[in-house]
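A.B. asks: This is the structure I want to talk about, given as structure tokens.
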Amino acid sequence: MFLKSKSRLTDREISLYFLQGLDPAFCQKVQAQLKAKNPRHHMDDPYMLAEITAAALFILLCNHAEIAHNEPSAPIKKEIFDLSQGFSNMNISAIAAKIAKQFNLQLITGGNQQLITRGDLNSPRI
């Protein structure tokens, strides 16, 4: 700002030099943000230093959020089920009983297999 106070640099030059001092990839992101914020801004008109700084801070904040979401988490356990043998070795009755127990249901066995709720146990049957 010393050079500006001595009238050695204009606002246009300050903005231009500031953008040139940014990393090229980061500069592209900042320019894209500036265009997105004000799509009608003419290419020949320089952005103000405050606008460039706000766009750069916005990009940095967004990248920080992406980094936080992309941190590696605990590995996900993967299980492989081999159904090439079909269901012949599975005990379907045991699986049904376990599911019925988890959902607070009772499995009625006999001629007509059906699931009824515990509240239905006290109701008369037809």
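The values are calculated or read from the model by the stated rules, or taken from the named source; none is laboratory data. The shown structure was predicted, so the numbers you read here are calculated from the model rather than taken from an experiment. For neighbour counting, all protein chains shown are included, and Cβ atoms are generated from backbone atoms with ideal geometry for every residue, glycine included.
A.B. asks: Residue by residue through the stretch 1-58, note down the ones that are assigned to a loop (DSSP other than H, G, I, E, B) and of a type in the set (Val, Ile, Thr).
C.D. replies: Within the stretch 1-58, Thr10 is the sole residue that qualifies.
A.B. asks: Of the residues Ser73, Ser88, which is more than 22 Å from the chain's Cα centre (by Cα), among the hydroxyl-bearing types (Ser, Thr, Tyr) and modelled with pLDDT under 90? Don't jump to the end; show me each part of the working.
C.D. replies: Details: Ser73 fails: more than 22 Å from the chain's Cα centre (by Cα).
Unique residue meeting the criteria: Ser88.
A.B. asks: Name the residue that is surrounded by the most Cβ atoms within 10 Å (Cβ to Cβ), counting only residues in the stretch 8-43 that are of a type in the set (D, E, K, R) and at pLDDT 90 or above.
C.D. replies: Among those residues, the one meeting the criterion is Lys29.
A.B. asks: Scan the stretch 104-121 and tell me whether some residue there is loosely packed, with under 10 Cβ neighbours inside 10 Å and at pLDDT 60 or above. Outline the logic, then answer.
C.D. replies: Start the filter on the stretch 104-121 by keeping residues that are loosely packed, with under 10 Cβ neighbours inside 10 Å, which leaves 104, 110-112, 118-119.
This time we only want the ones that are at pLDDT 60 or above, so: 104.
Yes - at least one qualifying residue is present in the stretch 104-121.
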